Amino acid sequence: MSDAPVLSVVVPVYNEEDCVERFHRELAGTLRSMVETYEVVYVDDGSTDRSLELIDRIRSLDQHAHAVVLTRNFGHQLALTAGLEFARGAAVVTMDADLQHPPELIPRMMEEWRKGALVVNTVRTDTVDAGPLKRLTSRLFYGLINSLSKTPVRADAADFRLMDRRAVEALRSMKERHRFLRGMIGWLGFPEAKVEFAAGKRAGGESKYTWRKMFSMAADGIVSSSTLPLKAALLLGLAALGLCALYAVYVFYMFAFHGVILIKGWASTVLLTMFLGGCQLILLGVTGEYIGRIYEEIKSRPLFLVKELRGPHR
Ligand code: UDP
Ligand code: MG
């Protein structure tokens with residue numbers, strides 16, 4: 001395509017009526033002075049507030065802005081995926097609409113891209129908004145996922161990043177439903193660079209990531225980056241078998257050489273039964289998670305549905 005812009009900025013929007021206009025003003029202010037041709041692709045992820053109306057107003061004032069309207073709320077990761085599908089730029093930046101991802105960083109990201117990086121991650125040095133609990137759980141999560149996954153998952157690399165067209169196309173070829181972009185990017189193996197920034201406060205509204213959404217994203221991240229939890233069944237089973245064998249030897253030894261019949265073992269029997277029952281249930285659950293995902297993938301429904309494209313797309 002000859003009229004493809006140099007830069008596309010993909011912005012998922014879900015109920016951001018308090019931020020989106022201010023976001024666009026700041027973004028446009030930065031882009032206008034730094035890049036010859038650009039487009040901003042807003043993905044309305046089934047907002048129920050005035051977000052879409054405001055995006056339309058933005059579009060009527062700025063011919064660089066487009067909107068991809070999804071039929072319902074598909075979630076942040078799929079909204080990003082939808083945006084990547086329609087972005088045409090030689091470089092594509094993904095960022096949030098709440099101004100926690102400062103547009104001023106884009107020039108530095110473009111610089112790294114021009115120097116040859118195909119993926120430019122941003123690293124938050126500090127999130128003013130995040131409480132100590134969110135920080136701790138985030139650190140635990142990245143520790144766990146990196147010890148499980150064979151390819152790196154960058155901690156703190158929020159979904160504020162620049163991707164070269166080649167990386168975008170590679171990502172588009174990965175059709176899995178449970179998407180964890182941070183892990184998928186590491187899997188690509190393209191040369192990466194990073195740019196540091198301090199995340200500010202949300203410009204308005206509230207975080208759309210409830211604890212439930214974060215937990216489900218964490219589970220997606222682990223299950224989609226690793227099959228190690230499945231192997232845990234084998235290890236636990238072997239360990240349990242080993243312990244049982246040792247105990248059997250002990251019981252036999254006491255009987256044969258000391259004539260002692262152990263009958264005091266009631267408590268330990270119950271404990272053992274409970275322990276094994278617990279292990280089995282957990283592992284059944286783990287297996288179920290994977291099977292559930294196989295089922296979802298095998299249905300191979302589209303990842304998202306577009307209700308409407310607004311603006312000069314395609
Ligand atoms: N978002 C979305 N769909 C959702 C939830 C969030 O498109 O179901 C968008 C949201 O509008 C924002 C970005 O994804 O632009 C990140 O969401 P948020 O700021 O709530 O996450 P946090 O920064 O708190 O991790
Ligand atoms: Mg945010």
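The values are calculated or read from the model by the stated rules, or taken from the named source; none is laboratory data. Please read these numbers as outputs of a predicted model, since none were measured by experiment. Here Cβ is always computed from backbone atoms with ideal geometry, including for glycine, and neighbour counts include all displayed protein chains.
List of remarks:
- Enumeration of residues in region 171-190 that are surrounded by 13 or more Cβ atoms within 10 Å (Cβ to Cβ) and touching a residue at least 60 places away in the same chain (Cβ under 8 Å): 171, 176, 177, 178, 179, 180, 181, 185, 188, 190
- Considering residues of region 187-211 that are modelled with pLDDT under 85 and small (Gly, Ala, Ser) only, the residue farthest from ligand 2 (Cβ to nearest atom): 198
- Total residues in region 7-20, condition over 20 Å from residue 70 (Cβ atoms) and either within 16 Å of ligand 2 (Cβ to nearest atom) or modelled with pLDDT under 95 (or both): 1
- The criterion of being surrounded by 15 or more Cβ atoms within 10 Å (Cβ to Cβ), more than 16 Å from ligand 2 (Cβ to nearest atom) and not hydroxyl-bearing (Ser, Thr, Tyr) holds for residue 59.
- Some residue of region 121-135 being more than 27 Å from residue 15 (Cβ to Cβ) and either away from ligand 1 (no atom under 16 Å from the Cβ) or of a type outside the set (Val, Ile, Thr) (or both): no
- From the list 269, 273, the one residue that fits, being under 39 Å from the mean Cα position of the chain (by Cα) and at pLDDT 80 or above, is 273.
- Selection from region 172-220 of residues that are of a type in the set (A, V, I, L, M), farther than 25 Å from residue 44 by Cβ and touching a helix residue (DSSP H, G or I) at 6+ places or on another chain (Cβ under 9 Å): 188, 193, 195, 218, 219
- Across region 215-242, the number of residues qualifying as surrounded by fewer than 16 Cβ atoms within 10 Å (Cβ to Cβ), touching a residue at least 12 places away in the same chain (Cβ under 8 Å) and within 23 Å of residue 139 (Cα to Cα) comes to 4.
- Restricting attention to region 150-169, the residues being away from ligand 2 (no atom under 16 Å from the Cβ), surrounded by 19 or more Cβ atoms within 10 Å (Cβ to Cβ) and of a type in the set (Gly, Ala, Ser) number 1.
- Residue in region 78-96 that is within 20 Å of the chain's Cα centre (by Cα), among the hydroxyl-bearing types (Ser, Thr, Tyr), outside any loop (DSSP other than H, G, I, E, B) and within 16 Å of ligand 2 (Cβ to nearest atom) present: yes
- Selection within region 88-112 - away from ligand 1 (no atom under 15 Å from the Cβ), surrounded by fewer than 22 Cβ atoms within 10 Å (Cβ to Cβ), of a type outside the set (A, V, I, L, M) and in contact (Cβ under 8 Å) with a residue 24 or more places away in the chain: 88, 104, 107, 108, 112
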